[in-house]
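The values are calculated or read from the model by the stated rules, or taken from the named source; none is laboratory data. Quick caveat: nothing in here was measured; it's all calculated off a predicted structure. Quick reminder, even Gly has a Cβ in these numbers, built from the backbone with ideal geometry, and neighbours come from all protein chains shown. Remember, those area values only see protein heavy atoms, side chains included, never the ligands or the DNA or RNA. Shrake-Rupley method; radii C 1.70, N 1.55, O 1.52, S 1.80 Å.
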Amino acid sequence: MEQTLWGHLPLLVRANSKESVEYILQALWRTRNTGLDAADRRIFRDMLQLDTESDLDPLLVCLRMLIRRCVYENINKDEIQKLFPNEVLPELQRLLTLLLQKFQREWREDVQKDQVILPRLKAMTWNMANQDEELTDPVAVINLKLQNDAQSNTGEMDVKFQLAKDTLETMLRSMYCIRDQLSDNHQIDMYPKRQIWFRSDMLYLKGMSCSYYPLLVSESQCEYFIHG
């Protein structure tokens, strides 16, 4: 964090109460994905008795960086105070440390809730269709059983789609490319999962309306998921 940002923290001393500083931190966390709206900015300026927006913005940047380090980095409650350099007023260090310790666990739980947990492949079966129909090309019918660990109940869902020969060949070529890339990485866990997206006119799902269907590939298996 740049030294110049710390110089804006003393503006918090202008707040008329600890609750005002607490409100500011909570509002910054609440708007972490959207940014502050005009109403919140006016409230902040009134709390801190600031005349211009230019005085407010550097303070908000500093506080957001503090919150981000407290939540996303491997910092426990007892280490939060070490984030502040010596030039920060001791009373500010104590106040912000107290509030960050108060909300750290709650905010980290919010981060966990924000994460999207995709279903995983539990079982896969297939069979051939149209084999006895002379005028219709045979297709493979794929049956997937997916397990959604994010749901409190069984969280299972069945997905069925069909693959014609040309679609299967396209899919296999992509899978071969994935296999080759995986074989080049000796420590696959260090790399993110790779996604191959198939257009909706290439995979036909019965009873579902989906735009794209990704393949997420892990080290041990190819996991098929549905993205609505």
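Quick notes on this one:
- Highest to lowest packing among 41-50, 104-113, scored as the average C-beta count within 10 Å: 41-50, 104-113
- Difference of contour (0.36 nm per residue) and Cα-Cα distance, I178 to D137: 11.9 nm
- Simple Cβ-charge dipole of the stretch 119-184, Lys/Arg +1 and Asp/Glu -1, about Cα centre, in debye nearest 20: 340 debye
- Given K18/K113; K113/K165; K113/K160; K102/K122; K77/K122, the pairs whose alpha carbons are separated by over 32 Å: K113/K165; K102/K122; K77/K122
- Relative protection proxy for 12-19, 58-65, from highest mean packing down: 58-65, 12-19 (other beta-carbon atoms within 10 angstrom).
- Computed extension length for D166-M124: 13.1 nm, one decimal, from 0.36 nm per residue of separation with the Cα-Cα distance subtracted.
- Taking the protein heavy atoms of the stretch 1-94 in the context of the full set of protein chains, the accessible area attributed to carbon and sulfur is 47 percent at 1.4 Å.
- Calculated FRET efficiency for the pair Q49/M157, C-beta based, R₀ 41 Å, to 0.05: 0.15
- Shape call, the stretch 97-137: gyration tensor on alpha carbons, a/c limit 1.5: prolate
- The stretch 119-184: C-alpha gyration tensor shape, a/c 1.5 cut-off, then a/b vs b/c: oblate
- Sorted peptide list for 118-124, 168-174, 96-102, criterion being average Cβ within 10 angstrom, highest first: 96-102, 118-124, 168-174
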